[in-house]
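Worksheet: one structure, shown below.
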């Protein structure tokens, strides 16, 4: 399988109050990660709070620069890409789903779904058709004329997924997508991600705390204090064994 | 290259030969004779040294010592020329010549104007040109190679960029609909942004409209103390400053509110150029709207002002020409673009900060630095109050600016100490957590607003009020110009004026006088003091008495003349001062609209530095101004106000001393009537053309000009007061309107958590009050103190104080009431919104 994303000794530091010369102000978030994600993989990132999961997702999604190391996207070194090239990749090749949905309050649901296509200068008719078909697929067609403030959490999350898919990207990145959802909505969402991965053949990179959500993935990176402590891979289609392994790993991490 | 090198060598040798030979050219002219440099130094040696030869003139002494530098340079240049012709290595000598020339130029510039002839600056210039030529010859090939490589690299990058960033097509209408919907959704932010720009446009329009209206009716700008243009210029500076603060604030809030949408779009892959053009479209739209609204409002207000002018002044005023419209629009656009450029940096910083790329600034509560600020603030406030109380400061803008700086520092110290006290004790902290927490979390930002509001309160209640109140309550102008013509004549012109005073129907008063020159503290020259240091004349340096501009002219009269003038003005026998020896008394001739001008009190507390040597005196020498003991000061108009009271004040000498210094000058005061007025004016004009010793002014012109100036001051400063007051209110509105959603959400949450309505209202009140109470108290108390000091500086009597208060108190009251009304309205609006959705909860 072709390699989609690879990191080489990825390091990310933050500095309190931008005091870059002050060693005490340095916060090491990611400490030399080596990650490879291949085409069609469903990957989850798990770990303790503050361990660097969201930062990793932001870097993989090219929303944040890295401090040291390399990030390769489809074989291209991200540090050699221009700002607008990164924007093009985010727009065409990656779809984002966030815990807080990130919908624009001023736009209707339909318009929110269409935003990536609008930004891609797509023809209006094509946008509408694609938006309607996605809305129908995810059961939100009756919400198209409404505004985000009128929706429930689960509905907002489905709208965010529609938006992530509208440009037909190869990768979906989701940061705690079930964080604001009830159990039923979470299950539905995970079924959706499963469909996207299996039927549409898209990569999924998912950050989560929930082992029930993570068991749908093919590979799990456990991150603690900026370091990958374990990589779990699903050996067969039996998710119950994989789920047990995840729980075992989580317990070990807690004990440490 | 070889050819160029040879050419350079020839040029270099020629230039350095010139530098070596230049000292034999006429370098300085002294005592009517031109000397070359060695000759001048030998001449000084023959006369026993430069101090003996020149009598210790600081400029000549300082120049003499500096002349050794070009002398050394010439010797070194000669060594360089011989060495380079002989093919020896003379790099060090070459550098030393350059350093010598640099040193000479630096000394000459600092001590400008030096005594040597102007052409002596030529060797350093040639030396610099030779240096540049050498650099060019040495680096020409490398520079060309680099430039070619850079061009090639740029071309390749351009092509690569074009290929990789290829993004054809146009955005669909949905893109523009999206922008429009966003604008509509955040319309409140745009209205605030437009309103702040409208202020700027309205202000610029009115100031320039008034300028063009008054241009034709005001004739003697300098004679009335600055004139209309000075009034308008002051207003422009102040207005631009206020508007810059307002625009900056509203723009930063606007950006903060836009940040979320922009981050979403950035994550979804909008190109940076599209994002920038979107911002630009919105900003340009706001500017165009505010420009149009500002011009419409400006026309309306100007129309009203023109009507008032036509009613109040016996002159006709013109409207605003089309060219001025364009100029106003140009300045507005320039100011708006500057604001955009400054804010663009802030915007980028905030955008990156919000997306996690830059850590947000920590909200620090000053600790030890707070106390240091407090101490510095105390020093500043005490210094400025001492300036106000002292004789040399008076109502200076510097003292007010330093006071405000000190006040801000003291406020920072007090507020940070208060916050630290609350944070320091758990019980107190939890007791105050809800009402103090918002101020604490945004301490730096909140304090900035408190400073601005305090400055605004001080500006309205003192700085602007003092000008407005002083002008409105000033005495009627007819009483301030008791004579139709005031004329000062030298000894040579006395005969001609005596002839004129014999005209029938002309009432003439004649007094002996002497021209007195006074210095202002700002006349001290640092450059001249440096010359004194070179001349080792430390006594002069310590005195600091150097003259930079032509000093103001005052009228010196004997005590007997003073008593006569008093009698002539009031009919009573004036109180005898009883001056003896070189003692003096000063009569400040001006109305109550300005400080009683202090002449020069920079020396001892009761001495005034004056020159009494007559009209052809040496004005620029510090030795000519000698200290005089002042035994009495008063403010009274005996001959007339001139130059806003800065000139023609009366310096009264004892009769005996006046006899000693008297050089035959006369003060003529004419009262003409009807047809004679024109005749006398024409005659005085003709006489002043014939004899330079005659200086005069006519009260008719002065009254008209002072009247227009007073009126303009009233209109402009009243407008400025209104505008500053509105700015203060607008500042509060910006804060609370932009933060309204966050405040409402916070209190709704507390309401949900079970906080009592009464407690919520109390917390809200306590959150809002610092932005009203601190500025009004600090600014108001400062204004009261400054006003009391102003009464002292302007020498107000009881009636004048009452007259001032009568006009200024309503202004203060209105400001307080407006602030109170805004507080209540905001409190009601916030409370209403907090509890509006309560019924729907659960």
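The values are calculated or read from the model by the stated rules, or taken from the named source; none is laboratory data. Since the structure is predicted, the reported quantities are computational estimates derived from the model, not experimental observations. A quick note on method: Cβ atoms are made from the backbone with ideal geometry, for glycine too, and the neighbour counts reach across all protein chains shown.
How about the stretch A:207-236: which of its residues are in contact with a helix residue (DSSP H, G or I) (Cβ under 8 Å, 6 or more places away or on another chain), touching a residue at least 60 places away in the same chain (Cβ under 8 Å) and within 19 Å of residue A:187 (Cα to Cα)?
A:207, A:208, A:211, A:213, A:214, A:216, A:220
Please list, ordered by residue number, the helices (runs of 4 or more DSSP H) wholly in the stretch B:50-111 having 1 or more residues that are more than 48 Å from the chain's Cα centre (by Cα) and in contact (Cβ under 8 Å) with a residue 60 or more places away in the chain.
B:68-85
Does the stretch B:174-190 include one or more residues that are over 30 Å from residue A:109 (Cβ atoms) and within 39 Å of the chain's Cα centre (by Cα)?
no
Go through (1) out of contact with any helix residue (DSSP H, G or I) (no Cβ under 8 Å at 6 or more places or on another chain); (2) more than 14 Å from every other protein chain (Cβ to nearest Cβ) one by one and return the number of the condition residue B:247 breaks.
Every listed condition holds for residue B:247 apart from (1).
Out of the residues in the stretch A:82-97 that are without any contact (Cβ under 8 Å) to a residue 12 or more places away in the chain and surrounded by fewer than 22 Cβ atoms within 10 Å (Cβ to Cβ), state the one that is nearest to the chain's Cα centre (by Cα).
Taking the candidates together, the pick is A:88.
For the stretch B:267-280, indicate whether the set of residues that are within 14 Å of chain A (Cβ to nearest Cβ), buried (at least 20 other Cβ atoms within 10 Å of the Cβ) and part of a helix (DSSP H, G or I) is non-empty.
yes
Residues that are surrounded by fewer than 21 Cβ atoms within 10 Å (Cβ to Cβ), farther than 29 Å from residue A:214 by Cα and in contact (Cβ under 8 Å) with a residue 24 or more places away in the chain: does the stretch A:101-109 have at least one?
Yes; the residues of the stretch A:101-109 include at least one that is surrounded by fewer than 21 Cβ atoms within 10 Å (Cβ to Cβ), farther than 29 Å from residue A:214 by Cα and in contact (Cβ under 8 Å) with a residue 24 or more places away in the chain.
Looking at the stretch A:104-113, which of the residues that are facing another protein chain (nearest Cβ under 7 Å) and assigned to a loop (DSSP other than H, G, I, E, B) is nearest to residue B:261 (Cα to Cα)?
Filtering first and then ranking leaves A:104.
Among the candidates B:296, B:264, B:292, which residue alone is within 14 Å of chain A (Cβ to nearest Cβ) and either without any contact (Cβ under 8 Å) to a residue 40 or more places away in the chain or at positive phi (or both)?
B:264
Over 20 Å from the mean Cα position of the chain (by Cα) and within 11 Å of chain B (Cβ to nearest Cβ), is that true of residue A:58?
So residue A:58 does not fit the description; no.
Just give me the residues in the stretch B:632-656 being more than 23 Å from residue B:697 (Cβ to Cβ) and in a loop (DSSP other than H, G, I, E, B), in sequence order.
Matches in the stretch B:632-656: B:654 only.
Among the residues of the stretch B:689-699, which ones are at pLDDT below 80 and in a helix (DSSP H, G or I)?
Correct list: B:689, B:690.
Might you check whether a residue that is surrounded by 22 or more Cβ atoms within 10 Å (Cβ to Cβ) and within 21 Å of residue A:37 (Cα to Cα) occurs anywhere in the stretch A:176-186?
Within the stretch A:176-186, one or more residues are surrounded by 22 or more Cβ atoms within 10 Å (Cβ to Cβ) and within 21 Å of residue A:37 (Cα to Cα).
Could you go through the stretch A:61-76 and let me know if any residue there is at the interface with chain B (Cβ under 9 Å from one of its Cβ atoms) and either more than 30 Å from residue A:179 (Cα to Cα) or out of contact with any strand residue (DSSP E or B) (no Cβ under 8 Å at 6 or more places or on another chain) (or both).
Scanning the stretch A:61-76 turns up at least one residue that is at the interface with chain B (Cβ under 9 Å from one of its Cβ atoms) and either more than 30 Å from residue A:179 (Cα to Cα) or out of contact with any strand residue (DSSP E or B) (no Cβ under 8 Å at 6 or more places or on another chain) (or both).
If I filter the stretch B:114-132 for residues that are under 24 Å from residue B:24 (Cβ atoms), surrounded by 15 or more Cβ atoms within 10 Å (Cβ to Cβ) and touching a strand residue (DSSP E or B) at 6+ places or on another chain (Cβ under 7 Å), do I get at least one hit?
yes
Among the residues in the stretch B:134-154, are any away from every other protein chain (no Cβ under 14 Å), in contact with a helix residue (DSSP H, G or I) (Cβ under 9 Å, 6 or more places away or on another chain) and either under 30 Å from residue A:148 (Cα atoms) or surrounded by 15 or more Cβ atoms within 10 Å (Cβ to Cβ) (or both)?
Within the stretch B:134-154 (the criterion being away from every other protein chain (no Cβ under 14 Å), in contact with a helix residue (DSSP H, G or I) (Cβ under 9 Å, 6 or more places away or on another chain) and either under 30 Å from residue A:148 (Cα atoms) or surrounded by 15 or more Cβ atoms within 10 Å (Cβ to Cβ) (or both)), the answer is yes, since at least one residue qualifies.
Filter the stretch A:82-103 down to the residues that are more than 7 Å from every other protein chain (Cβ to nearest Cβ), in a loop (DSSP other than H, G, I, E, B) and touching a strand residue (DSSP E or B) at 6+ places or on another chain (Cβ under 8 Å) and list them by number.
Those that are more than 7 Å from every other protein chain (Cβ to nearest Cβ), in a loop (DSSP other than H, G, I, E, B) and touching a strand residue (DSSP E or B) at 6+ places or on another chain (Cβ under 8 Å): A:93, A:99.
Restricting the search to the stretch B:182-206, which residues are surrounded by 15 or more Cβ atoms within 10 Å (Cβ to Cβ) and either facing chain A (nearest Cβ under 10 Å) or part of a loop (DSSP other than H, G, I, E, B) (or both)?
Residues satisfying the conditions are B:182, B:183, B:185, B:186.
Look at residue A:14 and say whether it is assigned to a strand (DSSP E or B), more than 16 Å from residue A:228 (Cα to Cα) and away from chain B (no Cβ under 12 Å).
Here the answer is no, as residue A:14 does not meet what is asked.
Looking only at residues in the stretch B:159-172 that are loosely packed, with under 12 Cβ neighbours inside 10 Å and within 7 Å of chain A (Cβ to nearest Cβ), which one is modelled with the lowest pLDDT?
Per the stated criteria, the residue is B:169.
Against the conditions (1) modelled with pLDDT under 90; (2) surrounded by 17 or more Cβ atoms within 10 Å (Cβ to Cβ), where does residue B:81 fall short? Just the number, please.
(1)
Of the residues that make up the stretch A:37-50, is at least one crowded, with 22+ Cβ neighbours inside 10 Å, touching a strand residue (DSSP E or B) at 6+ places or on another chain (Cβ under 8 Å) and modelled with pLDDT under 90?
Yes - at least one qualifying residue is present in the stretch A:37-50.
Counting residues that are within 14 Å of another protein chain (Cβ to nearest Cβ) and within 16 Å of residue A:101 (Cα to Cα), which helices (runs of 4 or more DSSP H) fully inside the stretch A:114-222 reach at least 3?
So the answer is A:153-165.
Against the conditions (1) assigned to a loop (DSSP other than H, G, I, E, B); (2) more than 14 Å from residue A:10 (Cβ to Cβ), where does residue A:62 fall short? Just the number, please.
Here residue A:62 meets the rest and fails (2).
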